[in-house]
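Below: the structure, in structure tokens.
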Amino acid sequence: MPEAMSPAADTPLPDFETLVRFLVNPFLESPEALKLDCETFPQRSRVWIRMAFEGADKGRVFGRGGRNIQAIRTVLTAIAQMSGYSVHLDVFGSATGTGGNEGEEESDRPPRRPPPNRRPVPRPSR
């Protein structure tokens, strides 16, 4: 991918696709299933990255409490700001296109069971 010049500075725009692969691949059991799409909008100084991977890898990529994905976003934001850009990362649930985006994390969980029907406990009469 050729490097584009940033409108805000004379520094070249980093190769975000390679950077995301470098940051995410250690968490994936099947790195070849990672799908990335990077769009650059030079007029608005913005980079939009869409990432999808297998649902089994979701827990490792997000990490406990979302720490891993937040660290990845922090690195991407820092690199983008050095070039005068802002970055937006969208994470989709499945590389095959069957999952929702990260705001729909519960779609990978089994549906909740309703609470069991409980009968009232008879009270002794007075």
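The values are calculated or read from the model by the stated rules, or taken from the named source; none is laboratory data. Given the structure is predicted, the values throughout are model-derived calculations rather than measurements. Cβ coordinates were reconstructed from backbone atoms using ideal geometry, including for glycine residues, and neighbour counts include every protein chain displayed.
Consider the range 23-44. How many of its residues are of a type in the set (G, A, S) and in a loop (DSSP other than H, G, I, E, B)?
1
Go through the range 13-44 residue by residue and tally those that are in contact with a Ser or Thr (Cβ under 9 Å, 6 or more places away or on another chain) and loosely packed, with under 12 Cβ neighbours inside 10 Å.
Matching residues across the range 13-44 total 1.
Pick out the one residue from V47, V87 that is surrounded by 14 or more Cβ atoms within 10 Å (Cβ to Cβ), touching a residue at least 60 places away in the same chain (Cβ under 8 Å), more than 12 Å from the chain's Cα centre (by Cα) and not in a helix (DSSP H, G or I).
Values: V47 fails: touching a residue at least 60 places away in the same chain (Cβ under 8 Å).
It is V87.
Quick one: would you say S107 is surrounded by 14 or more Cβ atoms within 10 Å (Cβ to Cβ), among the small types (G, A, S), modelled with pLDDT under 95 and farther than 20 Å from N25 by Cα?
Numbers: surrounded by 14 or more Cβ atoms within 10 Å (Cβ to Cβ): no; among the small types (G, A, S): yes; modelled with pLDDT under 95: yes; farther than 20 Å from N25 by Cα: yes.
It is false that S107 is surrounded by 14 or more Cβ atoms within 10 Å (Cβ to Cβ), among the small types (G, A, S), modelled with pLDDT under 95 and farther than 20 Å from N25 by Cα.
Residue pairs, Cβ under 6 Å, 6 or more apart or interchain, first in the range 52-67 and under 10 Å from L28 (Cβ atoms), second at pLDDT 90 or above and aromatic (F, W, Y). List them.
That search, which allows pairs on different chains as well, returns R60/F27; V61/F27.
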